[in-house]
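Enquirer: Got a structure for you, questions after.
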Amino acid sequence: MNDMAHIINSLPVAAIFHASPVGIEIYDAECRLMDANPAALQLFGITDAAAMARVSLSEKMGIRKEQLRPLQFGKSIRFEHIYDFEKNRNRHLFPTSKTGIVHLDIWMMPLNKDGSRLPQGYLVQYQDISEGKRSEAQFYNVTRRLFKVQETERQNISLYLHDSLAQDLSTLKIGMDLMHGEHTQIPADIRQKIAAISSRLQQTIQEVRDLSYNLHPSILDNLGLVPGIQQLCMNFSDKTGIHLNFFSAGFEGITLDFEMNIHLYRMVQEALDLIRTQSKATQAIIKIVASYPNVLIRIEDDGNMINVNESPTDERNGKQMRGHSLSERIRLLNGTIKFNSCRAKGNRIFMEVPYNEKVHSEQCLAHPIRHGAMEQIKMFR
């Protein structure tokens, strides 16, 4: 046994309880406070645990008693909680010197003894994770700004390609066509080369316009999200040969701001890119539903397994970066994403993100689930 283990084992439990930098509270079987260590007292801004003795655990944390029910069956509970000292002061639960809010990581555990199945009490640990939450919020703000700057730059490049480069190429093509049509004295072999150049210019013009559209899909500005994704699916099918079926519901009467539209559009675009590069599917189904307060996106294909768990820094083919970018975009929107891939059975990608409406219609406000209705939501199950 090393020296550190010997020191730890020689310490009495009471000494560990009082010296712990983690806030610890002991509750009886009725969820009434029995004792709190100095770290817990400091965390909640009180000098004596007796000040909280009459407050139950659920009252103190501002949670329902039902949320504590797993403790009664011998199960631990761990969750994050925002504790508001102003609300505590307004409820007159206990005197505190603290103000504002604090982000807590809370771990509640039942205490049993003598083989009893029923808890004899409860131990609650608190850790202040406010600093980490602030750093996380700053990271998300920076990431959000980077995405916004990226889309702005894409829009600028898109406008240049469409309004300048594509127009110049079109002017050049018109000149080549005029030369081919007006100067009949030009030798046949030269005329053939001019025609070939004109044809190649037309292809280049179309490629520039496609690139401009991919950089900034103007249809989102003019017609909105659903037509934009529908056009994306049509373009994807034309270029890859992968047959896509697109379904949407619940978007009638609501308008999302451009930032949300472009994020949702890019999410579908990046998911389709994963299907193109990794899955090699022959067909896929894209379903998108606005079910307030979330937008649900489900994509299914019949291809090979998609691997999104490899390192995003692997530069062998860029596939990992695409999956990483999709996950980061989901996290930025406080959403969730689930991948379900089975060999020989294809892939399922399910995404869910909360949204705020830019414009509410009176009809939509009357329904907690927008016009998609419950029977249309069933297609996600």
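Enquirer: Given the conditions (1) open to solvent by 30 Å² or more (accessible area, probe 1.4 Å); (2) at pLDDT 85 or above; (3) touching a strand residue (DSSP E or B) at 6+ places or on another chain (Cβ under 9 Å), report the number of the one that residue 215 does not fulfil.
Expert: All conditions pass for residue 215, except number (3).
Enquirer: Check off (1) open to solvent by 50 Å² or more (accessible area, probe 1.4 Å); (2) modelled with pLDDT of 90 or more for residue 263 and give me the number that stays unchecked.
Expert: Here residue 263 meets the rest and fails (1).
Enquirer: Kindly establish whether residue 62 is surrounded by 15 or more Cβ atoms within 10 Å (Cβ to Cβ) and closer than 27 Å to residue 131 by Cβ. Break it down into steps so the answer makes sense when it comes.
Expert: Working: surrounded by 15 or more Cβ atoms within 10 Å (Cβ to Cβ): no; closer than 27 Å to residue 131 by Cβ: yes.
Taking the combined requirement at face value, the residue does not satisfy it.
Enquirer: Among the residues of region 76-124, which ones are among the hydrophobic types (A, V, I, L, M, F, W, C), in contact with a Leu (Cβ under 9 Å, 6 or more places away or on another chain) and open to solvent by 80 Å² or more (accessible area, probe 1.4 Å)?
Expert: Residues satisfying the conditions are 82, 107.
Enquirer: Another question, if that's okay. For region 323-363, what are the residues that are modelled with pLDDT under 75, more than 17 Å from residue 275 (Cβ to Cβ) and open to solvent by less than 40 Å² (accessible area, probe 1.4 Å)?
Expert: Those that are modelled with pLDDT under 75, more than 17 Å from residue 275 (Cβ to Cβ) and open to solvent by less than 40 Å² (accessible area, probe 1.4 Å): 357, 361.
Enquirer: Still on this structure: Mind checking which residues of region 175-230 are farther than 30 Å from residue 298 by Cα, among the polar types (S, T, N, Q) and not in a helix (DSSP H, G or I)?
Expert: 184, 185
Enquirer: Looking at region 123-157, which of its residues are farther than 25 Å from residue 215 by Cβ and assigned to a helix (DSSP H, G or I)?
Expert: Looking only at region 123-157, we keep the residues that are farther than 25 Å from residue 215 by Cβ, and these are 123-139.
Residues satisfying the conditions are 130, 131, 132, 133, 134, 135, 136, 137, 138, 139.
Enquirer: Answer with yes or no whether residue 255 is farther than 17 Å from residue 215 by Cα, open to solvent by 20 Å² or more (accessible area, probe 1.4 Å), among the β-branched types (Val, Ile, Thr) and at pLDDT below 90. I'd like the intermediate steps shown before the answer.
Expert: Working: farther than 17 Å from residue 215 by Cα: yes; open to solvent by 20 Å² or more (accessible area, probe 1.4 Å): yes; among the β-branched types (Val, Ile, Thr): yes; at pLDDT below 90: yes.
When the stated conditions are applied, residue 255 passes them.
The values are calculated or read from the model by the stated rules, or taken from the named source; none is laboratory data. Source: prediction; values computed, not measured. Using ideal geometry, Cβ is built from the backbone for each residue, glycine included, and neighbour counts are taken over all protein chains shown. Protein only, heavy atoms only, side chains kept; ligands, DNA and RNA dropped before computing areas. Shrake-Rupley method; radii C 1.70, N 1.55, O 1.52, S 1.80 Å.
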